[in-house]
1. Charges only on Cβ, +1 for Lys and Arg, -1 for Asp and Glu: so what's the dipole of the chain about the Cα centre, in debye to the nearest 20?
2. Quick one: which residues, 5+ away or cross-chain, put their amide H under 5 Å from the amide H of D9? H built at 1.01 Å from N.
3. Just want the ordering: T291, T262, T410, from fewest to most Cβ atoms lying within 10 Å of their own Cβ.
4. Would you compute, from DSSP H runs of 4+ residues alone, the mean residue ellipticity of the chain at 222 nm, taking -39500 (n - 2.57) per run and dividing by the full residue count, rounded to the nearest 500?
5. Hey, what do the phi angles of segment 262-274 turn into as Karplus ³J(HN,Hα) couplings, whole Hz, using 6.51/-1.76/1.60 and θ = phi - 60°, x for Gly and Pro?
6. Give the separation of the Cα centroids, segment 354-388 to segment 242-295, in Å.
7. Return the long-range amide H neighbours of T325 (sequence gap of 5 or more, or a different chain), with a cut-off of under 5 Å between placed amide H atoms.
8. Please order H32, H122, H363, H417 by the number of other Cβ within 10 Å, starting at the fewest.
Amino acid sequence: MIDVFQYEDTKFPKGFKWGVTTAAMQVEGGNHSFYDYEETAPKFAYGGLPYKMANKAANSYELYEEDIKLIKTMNLNSYRLSIEWSRIEPNEGEFNIDETNYYINLLKRLKEENISVVLTLHHFSHPVWFEKKKAFKTMDNIDAWERFLNYIVPKIEEYVDYWIVINELNLAFKFDSAERVNMLQYHAKGYHLIKKYSNKPVSSSLSYSIKEPLRGQNDYPDKVFADYIDFVENEFFIHAIKTGEIVMPFMDAVVMPELKDTCDFWSLNTYVRHLINSRKKDYMFDQYQATKFKAIDIPFFTEEITPEIMFKMLMRFNDRPIMITENGIAVKDDRIREIYIASMLKAMGQAIDYGVNVIGYMHFSLIDNWEWGINEPIFGLASFDPETFERTLKPSGYFYGDIAKENALTQEIIRKHLKELPSIINYEK
């Protein structure tokens, strides 16, 4: 049972980075990436749901000053965001100086507000022309990738504190095996190119979900499947960064010495565990009935609170600094988000006590966003009016802001914001 009212106070290290995360495609609106065109957009979103275009999303392109105000209201000192390649290079080899200056001005404003910038250069979306050339499915596009980075990195390097080259390149459900092998090589090229212009830490984000056998360690099929899936999603990435060798089952290994140690810190995104059911074709999305709850109106993957995933993940990556660059939950009842934040931070604090060097925590997301083809998942610490786009900070945003202000999770903060453990029986919709 998770009872946050019994947590002992937890202090975090001096200088800890408290922040939030967004992706340009999810919040800006009006982008020009392949997601926004019928001929190149995916046909279905999560679970085969009908795909919806982003349209205005949260209109952060026009209202980024309002987003900065939210960050400041929450006492946060860091912001992980991405820039949109499709705005900067809408046609191959043609760079848009106005859009370039837009991002320069945005990053400059963040620095003026003393907000550390954690910048993602590729967060899933890219130009239509790059998608038509098969994007990362081929190594033939490495010149286009390097051209983009050589253009943008020197123009913005003075404003960036941490670089994320590529977001979540390890996801098996999103990228096939050959594509993931290629993307590690694109990451390595990006790492060394950034280092030509910047001495700031560089990484690429790993989407980390613990793979646990549904029926337990004694069920051999579930255990073998879980170990295998862990390798092709997690360990292949870890092994490659530590050794420079990319090993993917049923493919010849790729030895790339310049890939070794191209993560100055681990950039880790985590939300849930995956229970592996070897008896199902759709093997990764079972849940225990005793811990599952209905979080939003559609079936979605964030229907559990399992803070032990945070602790176990951090212990696995304890060989270099770690930044949690995404962690969040999609829920209609915002009180559950407060429980989620408290429990994850408590688990993170325990790992820090065990000697893990966690340097920052970026909550996903700053504001309710377009979730890669659907609008229903509600991840934000702030909401917005769909007509006026006026922002409203949720109770969870004030809760998180108090934690950031005190650099601590305390009973005083918990009891200020929560009067009881949330349940559907005492929640008025």
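Bear in mind these aren't lab numbers, they're just calculated from the coordinates by the rules spelled out. This one's a predicted model, so the numbers in the text were calculated from it and none came from an experiment. Ideal geometry is used to build each Cβ from the backbone, glycine not excepted, and the neighbour counts take in all protein chains shown.
1. On the way: 50 positive and 64 negative charges, 137 e Å.
My answer is approximately 660 debye.
2. HN-HN under 5 Å from D9: Q411.
3. On the way: T291 11, T262 23, T410 16.
In increasing order of surrounding Cβ atoms, one gets T291, T410, T262.
4. Numbers: 13 runs with 146 residues, N = 429.
Counting only the DSSP helices, I get -10500 deg cm²/dmol.
5. Going residue by residue, I get 8, 10, 5, 8, 7, 9, 10, 10, 8, 10, 9, 8, 10 Hz, with x marking Gly and Pro.
6. Between the Cα centres of segment 354-388 and segment 242-295 lies a distance of 21 Å.
7. Correct list: L268, N269, M362.
8. Numbers: H32 20, H122 27, H363 31, H417 16.
By the 10 Å Cβ count, ascending: H417, H32, H122, H363.
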